[in-house]
1. Taking the options F113, F83, name whichever one is more than 16 Å from the chain's Cα centre (by Cα), within 16 Å of the ligand (Cβ to nearest atom) and of a type in the set (F, W, Y).
2. Scan region 250-275 for residues that are within 14 Å of the ligand (Cβ to nearest atom), in contact with a His (Cβ under 9 Å, 6 or more places away or on another chain) and either in a strand (DSSP E or B) or not polar (S, T, N, Q) (or both) and jot them down.
3. All but one of (1) in contact (Cβ under 8 Å) with a residue 60 or more places away in the chain; (2) away from the ligand (no atom under 14 Å from the Cβ) hold for E136; which doesn't?
4. On the given criteria, is L227 buried (at least 16 other Cβ atoms within 10 Å of the Cβ) and within 19 Å of the chain's Cα centre (by Cα)?
5. Output the residues belonging to region 107-118 that are open to solvent by less than 10 Å² (accessible area, probe 1.4 Å) and part of a strand (DSSP E or B).
6. If a residue has to be under 27 Å from G188 (Cα atoms), open to solvent by less than 10 Å² (accessible area, probe 1.4 Å) and part of a helix (DSSP H, G or I) to count, how many in region 49-70 make the cut?
7. Which members of region 86-110 meet the condition of being modelled with pLDDT of 95 or more and more than 16 Å from the ligand (Cβ to nearest atom)?
8. Could you please let me know if Q222 is more than 15 Å from the ligand (Cβ to nearest atom), under 20 Å from the mean Cα position of the chain (by Cα) and either aliphatic (A, V, I, L, M) or within 19 Å of Q153 (Cβ to Cβ) (or both)?
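The values are calculated or read from the model by the stated rules, or taken from the named source; none is laboratory data. Here the structure is a predicted model, which means the values were calculated and not measured. Note that we place each Cβ from the backbone using ideal geometry, even for glycine, and neighbour counts take in every protein chain shown. SASA here: full protein model, heavy atoms, side chains in, ligands and nucleic acids out. Shrake-Rupley method; radii C 1.70, N 1.55, O 1.52, S 1.80 Å.
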Amino acid sequence: MMVLSNLSLSPVLTQLNSQILNPFGLVLNTKEEFRDLHLLSVAELRNLVWEHRFIILRGFSQLELEELSNYCQSWGELLTWDFGTVLDVIVQENPQNYTFTNGNMPFHWDGAFAKVVPSLIFFQCVVAPTPGSGGETTFCDTTKVWEKATPQQRQIWQQTKITYKTQKLAHYGGQISTNLVSQHPVTGVPILRFAEPLNEESVNLNPLFLEIPGLSLPERDQLIEDLQKRLYNPENFFAHQWQTGDILIADNHVLLHGRNPFFSHSSRHLQRVHIL
Ligand SMILES: [Fe+2]
């Protein structure tokens, strides 16, 4: 544990115990007297997200549904979906999409099919899975992937545009085409925008289909396989094991995220909000 010592930070933030995660991410553990999230400066927290890719706020009072949406609005405009602003990520009885199962979730960025890609994903863990039962949220820092790629690899990626198709059975769907390489709109760093197809271990429900114009099927498969090896390389990858009450705020531009599968008997309930 360490204490953030940056003198430019506000007094409350400097008093929290912080832990820098490897290879990226920051945990801020609060104290009994600072359990109210509103005591923290949003501007400072946002800068910490850009710097560390995601932050976990631990030990704060949980926010009720309306309070959660209101608090997130203090960060910026929210993306409104058919269901509103807060998505309950929980196993459903008759799911239309793999999000609402206990299966894995391949890497993706949020809002690919929405009118705007949100900058931040705000998660609140209402009920964490039982320890050892899986259900970690996985992250890849795509800037790290880019930094380690050879000039030849970068050149190939820069010429790659991917078409994604999925049926709109849950809250998202349609068809989009996106350049694999892009630039972070705030920090300016190079980022990769990529969504993996489901794999043989996934719950095969509402799959995503990928096409890469100009590549044959074997070439496409080779590019995807090579990319996946890099995304899951421990130097670029982090799996967050949830604790009930965790608040996790992630940079949706630089990171891709997914989920490890979890035992069907384990409960897992996250609430998710998109901040533009
Ligand atoms: Fe997601």
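1. Only one candidate passes the filter, namely F83.
2. A250, D251, H253, L256, H257, G258
3. (2)
4. In short, yes.
5. Listed by number, the list holds a single entry, F107.
6. Matching residues across region 49-70 total 1.
7. none
8. Judged against the criteria, Q222 is not a match.
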